[in-house]
Amino acid sequence: MAIKKVGVLGCGLMGSGIAQVSAMAGYDVVVLEAEQKAIDKGFSGIEKSLGKLSEKPVEKGGITAQQKDAARARLKGTLNKQDLADCDIIIEAIIENVDIKKTMYADLDGIVKKDCIFATNTSSISVTELMAATKRPERFIGLHFFNPVPLMKLVEVVRTIATAPDVFETAVEFGKSVGKVPVRTSDKTGFIVNRLLVPYLLDAIRAYEEGIGSISDIDNAMKLGCGYPMGPFTLLDFVGLDTTYYITHVMFDEFKERRFASPALLKRMVLAGWYGRKSGNGFYNYADPNSPKENRF
C-alpha cells in the first residue's frame with residue numbers, strides 16, 4: 001500500500017522527531033497531543049532543528065530554505081483524534097505506559113480507516129500486548145526510532161506473530177523513505193539494540209560499584225578502547241536513568257536473569273530524582289552543561 005499521510009501520537013522529543021523526518025520526506029503529517037502547549041513546544045523544537053539543517057550546506061546533509069518551508073507546511077498539530085481518520089499509518093510515541101497506550105489505540109481503532117497501519121515507537125513494551133487492544137492485529141507493528149530522530153539512522157521494524165507480511169514490508173519501505181536504515185526484528189523484549197545494550201550499561205554500573213574504575217575512567221576506557229562515541233555513563237545520563245530503570249523492570253520480568261536486573265546504585269539514583277542530563281544530575285553533574293563534572297558515590 002502507498003503511504004501518503006502520517007499520523008503521530010505525541011509531540012515530545014521522539015514524536016516531534018518522527019514528525020519532522022516524515023514531513024521532510026514529503027509526507028503530510030498530523031500530530032495529536034492532549035494540550036496545545038505540548039504541540040507548541042514540539043513544533044518549536046522542529047522549527048529550530050529545521051533551521052539548523054537549513055544553515056548547513058546541502059552536500060553536507062543540509063536542506064534548502066525552500067525544503068525547510070515545504071516540510072514545515074506539511075505539519076499540522078491537533079487536539080482532535082478525528083483529524084487522524086484519513087491517515088495511512090499512525091506512529092505512537094507517547095508515555096511508556098501500557099494502559100495509556102492501549103486506551104489510545106482502542107479509541108483510534110474505530111476512527112481511522114480499516115487499512116491504516118498502527119505502529120508503536122516503544123523501546124521495551126510488548127508490541128503484541130499493545131496490538132491486542134485493537135481489531136487490526138495483522139496491521140500492527142513496532143517502529144522503534146532512536147533519539148535524536150533527525151540524526152540517528154536506525155529504525156527497528158518489529159513484527160509480531162500476527163503482522164501481515166505486506167504490512168511488515170510496507171513499514172520497512174517507510175523507514176527507508178524517511179532516511180533511516182531499517183533492521184527487521186521480532187517482538188522479543190528489548191528487540192535488537194536494547195537486548196544487547198542494556199546488559200552492557202548495567203554491567204558498567206556494577207563494575208563501578210565493585211571499584212574496578214572511576215566513572216570517567218570507565219567511560220574513557222570504552223571510548224578509547226572500543227571506539228564508542230560515548231562511554232556507558234555518559235550514555236546512561238543521555239538516555240535517562242529513569243528510562244533505563246524502567247526498561248530493567250520490563251526486561252527482568254521477561255527473562256528473570258541477573259544481567260537485566262537493576263543495580264542498587266541505579267535504583268537509589270532514580271529514587272533521589274537523579275535522572276541524568278534532563279534533571280541536571282546523574283553520573284555527572286550538569287550545573288555547567290558544557291563541562292559536566294563526575295559525581296562520586
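Derivation of every value follows stated rules applied to the coordinates shown; laboratory data play no part. Source: prediction; values computed, not measured. When we count neighbours, we look across all protein chains shown, and the Cβ atoms used for this are built from the backbone with ideal geometry, even at glycine.
A Gaussian network model of the chain, with springs between Cα atoms under 10 Å, assigns the largest mean-square fluctuation among Pro137, Pro229, Pro199 to Pro229.
Modelled this way, with points 7 Å down the Cα-to-C-beta line, the labels at Lys135 and Tyr228 are 4.7 nm from one another. One quarter of the surface of the convex hull around the alpha-carbon atoms of segment 19-169 equals 9.0 nm², the direction-averaged projected area. Per-residue packing, averaged as other Cβ atoms within 10 Å, sorts the ranges 189-195, 76-82, 238-244, 268-274 into the order 238-244, 189-195, 268-274, 76-82, beginning with the highest.
Neighbours of Thr189 by Cβ distance under 15 Å: Lys/Arg scored +1, Asp/Glu scored -1, total -2. Given a Förster distance of 45 angstrom, what is the FRET efficiency for Arg72 paired with Arg259, based on the Cβ-Cβ distance and rounded to 0.05? It comes to 0.50. Of the labelled figures [x] 35, 23, 17; [y] 39, 19, 18; [z] 33, 24, 17, only one reflects semi-axes √(5λ) of the Cα gyration tensor in Å as derived from the coordinates, namely [z]. Cross-link reach is defined here as a Cα-Cα straight distance under 12 Å, omitting same-chain residues fewer than 8 places apart; for Lys176 the aspartates and glutamates meeting it are Glu156.
Checking the a/c ratio against 1.5 first, then a/b against b/c, what shape does the Cα gyration tensor give for segment 1-75? Oblate shape, in that a/c is at least 1.5 and b/c is the bigger or equal ratio.
A crude spin-label estimate for the pair Ser291 and Ile161, with each label 7 Å from Cα along the Cβ direction, gives 5.7 nm.
Let me know the shape class of segment 195-294, please: from the alpha-carbon gyration tensor, a ≥ b ≥ c as square roots of the eigenvalues, rounded when a/c is under 1.5, otherwise prolate if a/b is greater than b/c, or oblate. It is oblate, given that a/c is not under 1.5 and a/b is not larger than b/c. Put a dot 7 Å past the Cα of Val193, heading toward its Cβ, do the same for Gln36, and the two dots end up 3.5 nm apart. DSSP assigns beta bridges within the chain; of those with both partners inside it, close to 25 percent run antiparallel. Other residues whose C-beta falls under 12 angstrom from the C-beta of Asp203 contribute a net charge of +1, scoring Lys and Arg +1 and Asp and Glu -1. Here's the list of lysines a cross-link from Lys180 could span, going by alpha-carbon distance under 22 Å and ignoring same-chain residues fewer than 8 apart: Lys4, Lys5, Lys48, Lys52, Lys56, Lys60, Lys68, Lys153, Lys188. For Cys87, the amide hydrogen comes within under 5 Å of the amide hydrogens of Lys113, counting only partners 5 or more places away or on other chains and with H modelled in the peptide plane. In sequence order, segment 115-130 has phi-based couplings of 8, 5, 8, 9, 9, 10, 8, 4, 9, 8, 6, 4, 5, 5, 5, 5 Hz under the Karplus curve 6.51 cos²θ - 1.76 cosθ + 1.60, θ = phi - 60°, and Gly or Pro positions carry x.
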